[in-house]
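Inspection log for the structure reproduced underneath, given as structure tokens.
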Amino acid sequence: MGRLTDKQVTDKRLTGTQVTEGRGHLVGDRLRHADPTAVLRAARAAGRTTLTAPEGRLLAAAYGIPTPAEGLAESADEAVALADRIGGPVALKIVSPDIPHKTDAGGVRVGLSSDAEVRAAYTEVVRNAAAYAPEARVEGVQVQQMVPEGLEVLVGAVTDPAFGKVVAFGLGGVLVEVLKDVTFRLAPASVADAESMLDDIRAADVLRGVRGGPAVDRAALADLIVRVSRLAADFPEIAEVDLNPVFAAPDGVLAADVRIVLGEVPPPRRRRYTREEILASMERLMRPRSVVVIGASNEPGKIGHAVLRNLLDGGFDGEVHPVNPKGGGILGRTAYRSVADVPDGADVAVFAIPAPLVPEALEEVGRKGIPNAVLIPSGFAETGEHALQERLVAIAGKYGTRLLGPNIYGYYSPWQRLCATFCTPYDVTGPVALTSQSGGIGMAVLGFARATRTGVSAIVGLGNKADVNEDDLLTYFGADPRTRSIAMHLEDLKDGRAFVEAARETVREKPVVVLKAGRTGAGAKAAGSHTGALAGDDAVYDAVLRQAGVIRAPGLREMLEYARALPVLPTPKGENVVIITGAGGSGVLLSDAAVDHGLRLMTVPEDLDAAFRRFIPPFGAAGNPVDITGGEPPATYEATIRLGMADPRVHALVLGYWHTLATPPMVFAELTARVVAGFRAAGIEKPVVASLAGDTEVEEAGAYLFERGVAAYPYTTELPVAVLGAKYRWARAAGLLPGGGAR
């Protein structure tokens with residue numbers, strides 16, 4: 001029958017699985033062995049994109065998805081007979097491949113107990129359907145067992161452009177489109193994935209039972225999610241599965257309505273490279289021995305001039321070979337008339353020529369055996385020239401050449417003193433790898449790095465991503481010993497599953513921060529079901545990125561700050577966070593931010609509370625936050641910070657500094673840095689962040705602290721806590737804290 005392996009799924013309370021095979025008949029559990037492929041083939045042959053309700057239940061039965069007992073009636077007499085056999089109350093629903101939303105057509109009647117009610121309802125729904133859609137094909141009326149009371153939830157699946165099949169779960173019934181409280185996971189989902197979905201919605205407490213209400217059968221609900229995910233994943237032609245409502249009760253679950261929408265079989269994914277192939281090509285891209293510049297020029301203002309000058313002026317110690325049809329000399333280097341004339345052994349060819357000339361030059365690069373082509377020119381898919389871009393991919397594939405771009409600003413590899421770009425150079429080496437899909441964002445990245453003196457291991461433009469993708473770079477940066485954190489701006493993912501696989505591997509060792517553009521309704525689309533309508537691009541991205549353990553930044557500034565701060569902060573060893581502040585107002589804002597970012601404010605034990613009180617004035621406040629008040633001298637700051645660092649029950653500190661003459665900014669910065677450094681030297685490492693409120697002197701103090709391992713920010717209470725929250729999210733995803741680990 002289908003491709004589900006029942007041994008892999010626990011059979012849970014599959015009550016009410018009777019469905020129809022023919023008119024007026026109830027058929028039992030043997031339909032679990034119906035062939036879903038035959039059902040789908042028949043629907044396709046009839047030119048339909050939506051399965052009828054009975055067909056949907058055939059597939060549900062084949063996958064052990066519990067549905068109410070039901071039958072198909074073609075007359076009022078058959079409806080009455082079926083209702084008697086099922087036992088009331090029952091519901092009647094019109095069955096038509098041309099009426100996808102039965103309620104809108106007046107084609108649903110519920111709570112029918114007597115023969116008279118069933119007979120009248122049959123006539124009514126048929127009449128309403130004819131009035132609603134006179135040309136609609138009506139196959140009959142579904143007579144269905146009324147489901148017992150329970151919480152209405154939605155379980156479904158949808159085909160996402162980036163990630164393929166994803167399974168959805170959330171509140172159902174009329175609430176689904178109002179509250180949109182839905183979460184997603186990649187399909188097929190594991191039991192652990194499904195269980196995590198139950199805790200992921202905002203209304204998770206409702207499932208556990210609130211105000212005396214019973215809890216739902218979580219095991220049965222998780223099992224249903226797994227089954228639906230496998231049904232969708234097993235059949236590429238299924239575009240959407242929508243079970244809404246599903247009634248979740250303390251003793252099981254029942255899908256009252258099954259809707260399945262068919263679509264085109266997705267095209268094959270792009271070619272996948274092995275980890276070894278990716279590392280080999282990326283190593284030669286990021287650490288080349290020889291670079292060719294195609295379109296090199298002596299004329300200032302041209303891209304070919306800027307790229308060549310950056311390579312030469314940046315101090316790259318490998319070979320640089322200009323290529324220009326005119327030959328001669330360019331910037332003191334011999335210019336070759338064609339790539340064929342360049343000495344063997346080049347690792348990278350940088351293209352700085354108009355788009356129409358790129359294919360011929362790429363052929364030369366391929367024949368020369370150069371493994372990487374960096375395509376700066378625009379004028380490809382981003383301008384509608386898809387065929388031209390596809391031609392490049394075909395040429396590169398023929399020769400095994402990897403393509404970076406097109407439509408990019410180039411890339412920087414500072415540890416190699418390599419600046420292969422027409423933009424301003426940058427040479428501050430460090431542990432942060434930065435990528436961007438947009439050239440404008442790339443320049444913002446560069447400006448931020450320069451302003452903050454952020455040391456980078458790479459800055460890479462991705463542009464149209466004709467070939468090299470974020471997953472290639474994640475694989476490389478994950479293995480690169482000089483990279484300790486990775487930040488990526490992206491507008492889309494060409495192969496979301498490859499990205500998730502690479503991210504999961506990388507997150508185990510180092511954090512990955514993503515700024516995903518398009519958080520608003522731009523990703524919404526018309527869909528054939530509730531699940532499809534809810535699966536806007538951002539909702540799926542948000543859930544799947546969290547599933548992969550990726551830290552999603554809300555904005556560009558946050559992405560960059562997370563990237564530079566995460567390598568600075570030690571990994572916390574527990575969840576207890578303590579706030580020490582010189583201003584009560586800052587303490588309140590810092591506490592709010594801690595809650596917003598998923599941090600747990602420690603309930604300070606009595607002995608530690610008493611120890612803090614010894615150092616603060618009577619009008620201060622212990623507890624958490626610890627308010628030492630603004631007029632205290634440096635000794636009070638130092639003593640309380642030492643207490644927080646020394647107590648093993650405290651796992652992270654948030655400091656709120658208030659600029660006063662009693663403790664000037666640099667005095668605070670120097671004493672804090674000294675205390676933290678002393679504990680780290682003694683083997684006691686905890687993440688410490690600071691919010692600095694005051695005059696402009698706090699800017700210098702913040703920079704001083706950051707350079708010494710304390711993530712400090714002037715004029716904000718939100719940012720230092722957000723950075724600490726990001727560190728905690730990564731530690732949990734990497735499995736470094738109890739209960740952590742990405743799913």
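The values are calculated or read from the model by the stated rules, or taken from the named source; none is laboratory data. Note that the structure is a prediction, hence the values are computed from the model and not measured. For neighbour counting, all protein chains shown are included, and Cβ atoms are generated from backbone atoms with ideal geometry for every residue, glycine included. What goes into the accessible areas is simple: the full protein's heavy atoms, side chains included, and nothing from ligands, DNA or RNA. Shrake-Rupley method; radii C 1.70, N 1.55, O 1.52, S 1.80 Å.
Only residues that are open to solvent by 30 Å² or more (accessible area, probe 1.4 Å) and not small (Gly, Ala, Ser): list them for segment 610-625, please. Arg613, Arg614, Phe615, Pro618, Phe619, Asn624, Pro625, listed by residue number.
Can you spot a residue in segment 154-176 that is free of Cβ contacts under 8 Å to residues at least 24 places away in the same chain and open to solvent by 30 Å² or more (accessible area, probe 1.4 Å)? Write out each step before concluding.
So the first thing to find is which residues in segment 154-176 are free of Cβ contacts under 8 Å to residues at least 24 places away in the same chain, and the list is 174-175.
Now drop any that are not open to solvent by 30 Å² or more (accessible area, probe 1.4 Å), which leaves 174-175.
Yes, some residue in segment 154-176 is free of Cβ contacts under 8 Å to residues at least 24 places away in the same chain and open to solvent by 30 Å² or more (accessible area, probe 1.4 Å).
Applying the set (1) out of contact with any Lys or Arg (no Cβ under 7 Å at 6 or more places or on another chain); (2) open to solvent by less than 20 Å² (accessible area, probe 1.4 Å) to Gly213 leaves exactly one unmet item: (2). Of the residues in segment 482-504, how many are more than 25 Å from Lys727 (Cβ to Cβ) and either without any contact (Cβ under 8 Å) to a residue 40 or more places away in the chain or among the charged types (D, E, K, R) (or both)? So the answer is 5. Within the bounds of segment 205-219, is there any residue that is closer than 19 Å to Ala548 by Cα and in contact with a Gly (Cβ under 8 Å, 6 or more places away or on another chain)? No; the residues of segment 205-219 include none that is closer than 19 Å to Ala548 by Cα and in contact with a Gly (Cβ under 8 Å, 6 or more places away or on another chain). Scanning segment 715-743 for residues being within 16 Å of the chain's Cα centre (by Cα) and at pLDDT below 95 gives a total of 3. Just the residues that are closer than 25 Å to Ala45 by Cα and basic (Lys, Arg), please, taken from segment 213-238. Arg230 - this is the single residue of segment 213-238 that is closer than 25 Å to Ala45 by Cα and basic (Lys, Arg). Set side by side, the residues Ile580, Ile628 differ, and just one is in contact (Cβ under 8 Å) with a residue 60 or more places away in the chain and either crowded, with 20+ Cβ neighbours inside 10 Å or within 28 Å of Val514 (Cα to Cα) (or both), which is Ile580.
Look at segment 657-685: where a residue is hydrophobic (A, V, I, L, M, F, W, C) and modelled with pLDDT of 95 or more and a partner is outside any helix (DSSP H, G or I) and open to solvent by 20 Å² or more (accessible area, probe 1.4 Å), sitting 6+ places away or on another chain with Cβ atoms under 7 Å, you get Ala673/Arg708; Ala677/Arg708.
Please find, among Leu362, Leu357, the residue that is hydrophobic (A, V, I, L, M, F, W, C), touching a helix residue (DSSP H, G or I) at 6+ places or on another chain (Cβ under 6 Å) and surrounded by 13 or more Cβ atoms within 10 Å (Cβ to Cβ). Walk me through how you get there before you give the answer.
Working: Leu357 fails: touching a helix residue (DSSP H, G or I) at 6+ places or on another chain (Cβ under 6 Å).
Matching residue, one of Leu362, Leu357: Leu362.
Which count do you get for residues in segment 131-155 that are in a loop (DSSP other than H, G, I, E, B) and under 30 Å from Asp200 (Cβ atoms)? Within segment 131-155, residues that are in a loop (DSSP other than H, G, I, E, B) and under 30 Å from Asp200 (Cβ atoms) number 4.
Scanning segment 219-251 for residues that are farther than 12 Å from Pro188 by Cβ and among the aliphatic types (A, V, I, L, M) gives Ala219, Ala220, Leu221, Ala222, Leu224, Ile238, Ala239, Val241, Leu243, Val246, Ala248, Ala249.
Once segment 82-108 is narrowed to residues that are open to solvent by 70 Å² or more (accessible area, probe 1.4 Å) and touching a helix residue (DSSP H, G or I) at 6+ places or on another chain (Cβ under 9 Å), the residue that is nearest to Arg259 (Cα to Cα) is Asp104.
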